[in-house]
Amino acid sequence: MLAVLGPSGIGKSTLLRLAARLSRPTSGTVMLAVRRIGFVFQEPRLLPWRTALENVALPLLAMGVPLEQARTRAAAMLGRMGLAAFATSCPETLSGGMRQRVSLARAFVVEPELLLLDEPFTGLDPELRLSMRRHLDALLAASGAASLHVTHDIGDIPVRTNRILRLTAAGVRFERPCDLGMTVLKEAL
């Protein structure tokens, strides 16, 4: 698990877009040895005309999973996120935290080998941020997926993070979570 820390505008989201193959590098090459990538954006990016269940099932359908199997897997993932009762709800009827959990469920339903997280807790209140970090840590522990999490807030870094890449105007450096007081954060969770 790698976290990327840095101020706004330093290129954290660009790094994720390159990893997700949503952007092309202007030079060099991006090589990934994974097939299934889950992506959690800063905003949930849910389709407003689809229910929570349909939004979570969408990437499975795009992968060619049969409709009933996609619905079953999506419903199970919504259940893991504590949203089973909201499967038929449209995004505008869900709270911000619920929409972000639907987004997280959508990323995990494909059983990703790599999970890309682009400041997924931005704009959430402190209690909800803590709840979302717990959900994320539990899902990562259960899935075994590698993750690349970009943020400007050390408090948003998943507890299981192994290394931290700090991007600054002066350059790049790797740090260990214990160097940044992550032990205290882990004990608080």
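The requirement of being in contact (Cβ under 8 Å) with a residue 12 or more places away in the chain and under 22 Å from Asp156 (Cα atoms) is satisfied by Pro120. Restricting the first member to segment 162-173 and to residues that are under 13 Å from His149 (Cα atoms), and the second to residues that are acidic (Asp, Glu) and part of a strand (DSSP E or B), the beta-carbon pairs closer than 6 Å and six or more apart or on different chains are Ile164/Glu175; Arg166/Glu175.
For segment 41-73, a residue qualifies if it is at pLDDT below 90 and among the hydrophobic types (A, V, I, L, M, F, W, C), and exactly one does: Phe41.
When we screen Leu128, Leu124 for residues that are more than 17 Å from Ala3 (Cβ to Cβ), of a type in the set (A, V, I, L, M, F, W, C) and either part of a loop (DSSP other than H, G, I, E, B) or in contact with a Ser or Thr (Cβ under 6 Å, 6 or more places away or on another chain) (or both), the only hit is Leu124.
The values are calculated or read from the model by the stated rules, or taken from the named source; none is laboratory data. Small disclaimer: the values here were computed from a predicted structure and weren't measured. Note that each Cβ is placed from the backbone with ideal geometry, even for glycine, and that neighbours are counted across all protein chains shown.
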